[in-house]
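Contents: one structure, followed by commentary.
The values are calculated or read from the model by the stated rules, or taken from the named source; none is laboratory data. The shown structure was predicted, so the numbers you read here are calculated from the model rather than taken from an experiment. For neighbour counting, all protein chains shown are included, and Cβ atoms are generated from backbone atoms with ideal geometry for every residue, glycine included.
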Amino acid sequence: MALTKIQGKGIDDIDVSVAGELEVSSATSDTTDKRAFFVTGHYTNSEEDAAGVILQSVNGDNLVDIGGGTAAYNAVTKVRFYTAANATTTTGTEKMRVTNTGVGIGVTSIDKAFIAKEDSGSAGYCFEFINDGNNADRYGGIVQCGTDDASGTNYLFVFRDGDGTSQGYITFSGGTVTYGAFTAHHPCILPNADNTNGYPYGTLLETTSISYTQKGGADTERGILYNVQKTQSANSKAVLGAYGGSMVNGPDQETNMHQALVLGDGHILCNNAGGNIAVGDGICSSATAGIGQKATANPSMIIGIAQEAVTFSGSETKLVPVQYGLQQFIPWS
């Protein structure tokens, strides 16, 4: 009975080889379009069958249509892909789903063209794109969005933390790209004795020497690494930035790598060596290791400009909000 139904749908030939190969074709004549339809009956008997896979060999193309492609059958509403960790697992785990709204990996609710979610229980990345070929013409990616004339504020990327709270954006408008909130850092190497614990956020750092990142056992041309320590004197000309955090055992498995914050928003630990701090005052290093102060010398080598007035009651240290930036500075009179 099943064979009669298939023939009724226009199947001209069915062949099963001794190797287990199943060949289904709507025709056998040479230079003729050939098709095979794998479908199932619809939930409602009066409806057309539901399409599964349609195989076609036509002039110039060999095609596989999954879930639709012909008016003879109802298209599917979901295509689901299951996998398992071994060969003896029943059902498996859904890893990808395609619906009329988009494609989802690791999700079942899809409200965008593409969503991927990973929660494997171990460290690692959610995705990786590789354009190999050892040539500068292998580009990374393109994001096209927003208004056609770039007017208004157009959002290229939104960055969120683990519970979905926004942390920053990359936007563009009128020919410029904007990054915010923004703090830039230089990679730096601490003395071995300080590597494990690092320094408190906002500690001032000064350069002791320069080294370079390695490629193929040799120095790269531009990959500067700063060997640093806490600032050791007042108004240090070697000041580099403020300590931001450790990158030890990060994605690149660095054994000694930290952040020196050098541009954008941030804070510097300061004391009262130069007096109370007003908005617009420059911040340089003090005589206390790693601690900043209001710049009073003319000129001063500053690493930030205060964005908030700070009053000291004694010898305490306070985090002072600043706009980072290394420069020679003449204090306000």
Unique match (being more than 22 Å from Val103 (Cβ to Cβ), surrounded by 12 or more Cβ atoms within 10 Å (Cβ to Cβ) and acidic (Asp, Glu)) among Glu21, Glu48: Glu48
Taking the range 209-223 as the region of interest, how many residues are in contact (Cβ under 8 Å) with a residue 12 or more places away in the chain and either small (Gly, Ala, Ser) or surrounded by 15 or more Cβ atoms within 10 Å (Cβ to Cβ) (or both)? 2
Only one of (1) over 30 Å from Ala287 (Cβ atoms); (2) loosely packed, with under 10 Cβ neighbours inside 10 Å does not apply to Asn197, and that is (1)
Any residue in the range 202-213 that is closer than 30 Å to Gly314 by Cβ and part of a loop (DSSP other than H, G, I, E, B)? yes
Would you confirm whether any residue within the range 238-250 is in contact with a helix residue (DSSP H, G or I) (Cβ under 9 Å, 6 or more places away or on another chain) and surrounded by 18 or more Cβ atoms within 10 Å (Cβ to Cβ)? yes
Sole exception among (1) at pLDDT 95 or above; (2) touching a Gly at 6+ places or on another chain (Cβ under 7 Å) for Tyr73, by number: (2)
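The rows are residues; the columns are (1) among the small types (Gly, Ala, Ser); (2) closer than 16 Å to Pro191 by Cα; (3) out of contact with any strand residue (DSSP E or B) (no Cβ under 9 Å at 6 or more places or on another chain).
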| position | (1), (2), (3) |
| --- | --- |
| Tyr212 | no, no, no |
| Lys237 | no, no, no |
| Thr255 | no, yes, yes |
| Gln259 | no, yes, no |
Per the filter on the range 78-95, residues surrounded by 10 or more Cβ atoms within 10 Å (Cβ to Cβ) and outside any strand (DSSP E or B) are Ala84, Thr89, Gly92
Which is under 30 Å from Asn227 (Cβ atoms), among the aliphatic types (A, V, I, L, M) and surrounded by 10 or more Cβ atoms within 10 Å (Cβ to Cβ), of Ala181, Ala150, Ala123? Ala181
Could you tell me which of the residues Val98, Val107 is assigned to a strand (DSSP E or B) and either under 27 Å from the mean Cα position of the chain (by Cα) or at negative phi (or both)? Val98
Just for the range 102-117: of the residues that are surrounded by 12 or more Cβ atoms within 10 Å (Cβ to Cβ) and either in contact with a Gly (Cβ under 9 Å, 6 or more places away or on another chain) or of a type in the set (A, V, I, L, M, F, W, C) (or both), which one is nearest to Phe81 (Cα to Cα)? Ile105
Per the filter on the range 284-330, residues touching a Cys at 6+ places or on another chain (Cβ under 7 Å) and outside any strand (DSSP E or B) are Ile291, Ala295, Thr317
If we scan the range 137-151, do we find a residue that is of a type in the set (Val, Ile, Thr), over 18 Å from the mean Cα position of the chain (by Cα) and at pLDDT 95 or above? yes
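Yes/no per residue for (1) under 18 Å from Ala260 (Cβ atoms); (2) under 25 Å from the mean Cα position of the chain (by Cα); (3) in the same structural domain as Asn249 (by TED's automatic domain parsing); (4) among the β-branched types (Val, Ile, Thr):
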{"residue": "Thr153", "(1), (2), (3), (4)": "no, yes, no, yes"}
{"residue": "Asp163", "(1), (2), (3), (4)": "no, yes, no, no"}
{"residue": "Ser166", "(1), (2), (3), (4)": "no, yes, no, no"}
{"residue": "Tyr169", "(1), (2), (3), (4)": "no, yes, no, no"}
{"residue": "Phe172", "(1), (2), (3), (4)": "no, yes, no, no"}
{"residue": "Lys215", "(1), (2), (3), (4)": "no, yes, yes, no"}
Taking Asp163 and the conditions (1) closer than 28 Å to His267 by Cα; (2) surrounded by 10 or more Cβ atoms within 10 Å (Cβ to Cβ), which numbered condition does it fall short on, given that it satisfies the others? (2)
Please list, ordered by first then second residue, the pairs with beta carbon atoms under 9 Å, 6 or more apart or interchain, first in the range 26-45 and in a loop (DSSP other than H, G, I, E, B) and surrounded by fewer than 11 Cβ atoms within 10 Å (Cβ to Cβ), second small (Gly, Ala, Ser) and at pLDDT 95 or above. Tyr43/Ala50
